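Contents: one structure, followed by commentary.
All of the numbers you see were taken from the coordinates with simple rules; none came from a lab. Treat the numbers as computed from the prediction; the structure is a model and nothing was measured. Glycine gets a Cβ as well: all are built from the backbone with ideal geometry, and neighbour counts include every protein chain shown.
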Amino acid sequence: MKDRRHFDGADTTQASITEESGDCGCSHNDLPFREDFGLSPFENMSLDIFRCVCSLYSTSNPQTVSTAYDLCERALGASAGPLFVARITALLRAVKAERKAPFTFLTPGCLRIVQDEVAVISVLQAAQDDKPAKLKQAAVELAASADVSRIMTAALLLAQDFGNGRLQSSRAMERRPVLH
């Protein structure tokens, strides 16, 4: 059975904005590294894009979203890349609407991870596993609230689009015959 946590047809080697040198320049030495969590390519890319969109909301710098689109378009193609950014944005808006506590995130490219970001990844993992009770529990922990319908819906849509192979690279799509 195919692992649903990898992009179908995507070049995920180009789908990261983390520093390859192992030093992102942050001063968060007390935080764990992302790699310690064994994130899949889908989860790593989701975290990168989530951070970019969070940065837009906190700084009003449009460059962060431009970076998100560029990253996704390189990895997934011109059609699927923007859809992925939109699904991540919907998830962030759901978190903003339903979370009853402040949300902490790190800058795009940081090699570290904070607990709130781990909670987002837990929601995505539960949505991919298609276990409603596990998803609800993860969403409640993320939101610090029982009202999590938007978070669950956004996570399920992202997992559905990812899991059924719709997020394919444009190169894979170009090989398909055009039907008129």
Which of the peptides 65-72, 39-46 is most tightly packed, and how do the rest follow, judged by the mean count of other Cβ atoms within 10 Å per residue?
39-46, 65-72
Given a cut-off of under 8 Å on Cα pairs at least six residues apart, what relative contact order in percent is computed for segment 54-131?
18 percent
At 7 Å along the Cα-to-beta-carbon direction for both Ser66 and Asp36, put a label point, then send me their distance in nm to one decimal.
3.5 nm
What spacing in nm lies between the two simple spin-label points modelled at Ser27 and Ala86, each 7 Å away from Cα in the Cβ direction?
4.1 nm
Explain nothing, just the number: relative contact order of segment 37-168, from Cα pairs under 8 Å at least 6 residues apart, as a whole percent.
26 percent
Between Ser79 and Asp130, what FRET efficiency follows from the Cβ-Cβ distance if R0 is 25 Å, with the result rounded to 0.05?
0.50
With Rg from the Cα atoms and Rh as the Kirkwood inverse mean 1/r over Cα pairs, segment 37-168 has an Rg/Rh of 0.93
